[in-house]
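The values are calculated or read from the model by the stated rules, or taken from the named source; none is laboratory data. Everything quoted here is computed from the prediction, not taken from an experiment. So basically every Cβ, Gly included, is an ideal-geometry build from the backbone, and we count neighbours across all protein chains shown. Note: accessible area is taken over every heavy atom of the protein model, side chains too, but ligands, DNA and RNA are not part of it. Shrake-Rupley method; radii C 1.70, N 1.55, O 1.52, S 1.80 Å.
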Amino acid sequence: MKFWGRTQSGGGLDFDRLDPAFRGFIDAQLALYGFDRKAFCRPIAPADEMFFKAILPNYEHDTNIAAFKYVESTVRTFDAYDQVVRQVFGGFGRLESVLDFASGYGRLTRALLQKVPKERIWVSDIYAEAVAWQARTFGVHAFPSAAAPDLVQHARTHDVVWVGSMFSHLPADLFHAWLGKLWSFVGPRGVLAFSVHDETLLPERESIDPSGLSYFRFSESGSLDHDIYGMSYVTQGFVGEAISRLPGTPRHKRFFKGLYENQDLYVVAGPEADISALRVASTPMGGIERAAHLTNGDVEFSGWAIERTPGEQITGVRVHVDGAAVGVATPEGERPDVLQHFPRSANPATGWRFRLSHALAPAGAQLRLELDSTSGLKGQIFARMPDAAALTYSGWSRRALKDQATGLS
Ligand SMILES: C[S@@+](CC[C@H](N)C(=O)[O-])C[C@H]1O[C@@H](n2cnc3c(N)ncnc32)[C@H](O)[C@@H]1O
């Protein structure tokens, strides 16, 4: 299903031109977060590498799925951000200002704007045009970054300095240098939150460098020099030692798989920030793998789900058709085959199954499965009846699951 061309808006992506079923998934997803759809769904800029060079190719250039995944990844990032803000500051209303560093074209900004006035949001990226676009489009404050931290001028400090998926691309010397620089942007009551790839994600047959950081000269970026941006994998020891070099030897916490689908989130506390009780859970994940049409007209769905947060578990899979609750899925036991996509997962993956009568699930209806967890976070899986295979897989690194999906039978 490619709607390339049809969905482009001056070379970017216009959400309004997506397939209506996928627009429906996006609208429902945003409504669950109480987000204003119109404000969130401004067109994606043509030069947005996050969308056009990373997400879209990861979904075989299927614009509809990629657009949904862009929104899904944003709300999942928001889930992590929200937990930090609520627990450390007592809510978004208490924030004086925030900085999204390495913000690209503002995937996260779309969510932040729903909670924080634009006057309190700063963004920065090495792509000066990306942050200038954000300033024009969203009205946030923007300043350009540079290849070397010493070249960046920013006189303010912030409550939250968020750095999603930049340290996961840095060589060792820049890892230390940027950590020091970004720490200088954190106010006394603030936190620095950043994500990394841990060593479980190393490419096959590679082993972690004895220093604790392995760096590879490739990335999704079409233009950033591999001397400054590639792919890096780190041990917890490497990150802990890097943080211990910061002025004031701050406290920190690591949340395994706390950001995106596969990155670890580190939160470093300013001297007045209390993170002793901070817990950041990962949003539950899952997918539909099979929609079998039975001879009596019912459709039987099956799939998988996983709770990646240590100490938490999925408590149920609730089924909704066009927004109305219609039942729950039955657990089907553990799925070790799924687990291979979640190295060192804290919990097993589980299978589930449920049936819908034709009357309950007419063609074209929106199917939504809600994954409930003891963490309080909810994962969502969307599909359209009857071709539930539309969204059988969840995540960039889970592509193999799509290959296993058999679709209608
Ligand atoms: C994987 S993308 C993540 C973008 C964004 N945080 C998100 O989650 O959508 C990495 C970003 O880091 C930015 N970046 C790379 N080197 C940088 C630097 N030296 N200073 C600021 N941003 C940088 C890239 O331009 C890109 O936007």
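Do we have Glu204 as open to solvent by 50 Å² or more (accessible area, probe 1.4 Å), touching a residue at least 24 places away in the same chain (Cβ under 8 Å) and either of a type in the set (Asp, Glu) or touching a Pro at 6+ places or on another chain (Cβ under 6 Å) (or both) here?
no
Taking the criterion of being open to solvent by less than 70 Å² (accessible area, probe 1.4 Å), touching a residue at least 24 places away in the same chain (Cβ under 8 Å), more than 15 Å from the ligand (Cβ to nearest atom) and acidic (Asp, Glu), would at least one residue in segment 230-241 satisfy it?
The answer is no, given that none of the residues of segment 230-241 is open to solvent by less than 70 Å² (accessible area, probe 1.4 Å), touching a residue at least 24 places away in the same chain (Cβ under 8 Å), more than 15 Å from the ligand (Cβ to nearest atom) and acidic (Asp, Glu).
Mind counting the residues in segment 114-127 that are open to solvent by 40 Å² or more (accessible area, probe 1.4 Å) and either under 18 Å from Phe185 (Cα atoms) or in contact with a Lys or Arg (Cβ under 6 Å, 6 or more places away or on another chain) (or both)?
So the answer is 3.
Going through segment 68-92 one residue at a time, which ones are within 14 Å of the ligand (Cβ to nearest atom) and either over 14 Å from the mean Cα position of the chain (by Cα) or not acidic (Asp, Glu) (or both)?
Of everything in segment 68-92, those that are within 14 Å of the ligand (Cβ to nearest atom) and either over 14 Å from the mean Cα position of the chain (by Cα) or not acidic (Asp, Glu) (or both) turn out to be Lys69, Tyr70, Val71, Ser73, Thr74, Val75, Arg76, Thr77, Phe78, Ala80, Tyr81.
Hey, can you tell me all the residues within segment 155-164 that are more than 8 Å from the ligand (Cβ to nearest atom) and part of a loop (DSSP other than H, G, I, E, B)?
Hits for segment 155-164 are Ala155, Arg156, Thr157.
Say we look at segment 370-391 and pick out the residues that are among the hydrophobic types (A, V, I, L, M, F, W, C) and at pLDDT below 95; which of these is nearest to Val317 (Cα to Cα)?
Ranking the qualifying residues of segment 370-391, first place goes to Ile381.
Can you tell me which condition Tyr260 does not meet? The list is (1) modelled with pLDDT under 95; (2) away from the ligand (no atom under 13 Å from the Cβ); (3) buried (at least 18 other Cβ atoms within 10 Å of the Cβ), and all the others hold.
That leaves (2) as the condition not met.
Out of (1) part of a helix (DSSP H, G or I); (2) modelled with pLDDT of 95 or more, what's the single condition that is false for Leu56?
(2)
What pairs come up if the first residue lies in segment 141-161 and is farther than 24 Å from Val88 by Cβ, the second is of a type in the set (A, V, I, L, M) and more than 12 Å from the ligand (Cβ to nearest atom), and their beta carbons are under 6 Å apart, counting only those six or more places apart or on different chains?
That search, which allows pairs on different chains as well, returns Ala142/Ala135.
Enumerate the pairs (first residue in segment 71-92 and within 21 Å of Arg23 (Cβ to Cβ); second residue anywhere and in a helix (DSSP H, G or I) and more than 16 Å from the ligand (Cβ to nearest atom)) with beta-carbon separation below 6 Å, excluding pairs fewer than 6 apart on the same chain, so at least 6 apart or on different chains.
Qualifying pairs under 6 Å: Val71/Ile26; Val71/Gln29.
Taking segment 133-157 as the search range and keeping residues that are aliphatic (A, V, I, L, M) and closer than 24 Å to Val85 by Cβ, which one is surrounded by the fewest Cβ atoms within 10 Å (Cβ to Cβ)?
Ala155
Given the residues Leu95, Leu170, which is the only one that is surrounded by 15 or more Cβ atoms within 10 Å (Cβ to Cβ) and within 11 Å of the ligand (Cβ to nearest atom)?
Leu170
For Ala130, all conditions in the list (1) surrounded by 15 or more Cβ atoms within 10 Å (Cβ to Cβ); (2) away from the ligand (no atom under 16 Å from the Cβ); (3) among the aliphatic types (A, V, I, L, M) hold save one; what is the number of the exception?
(2)
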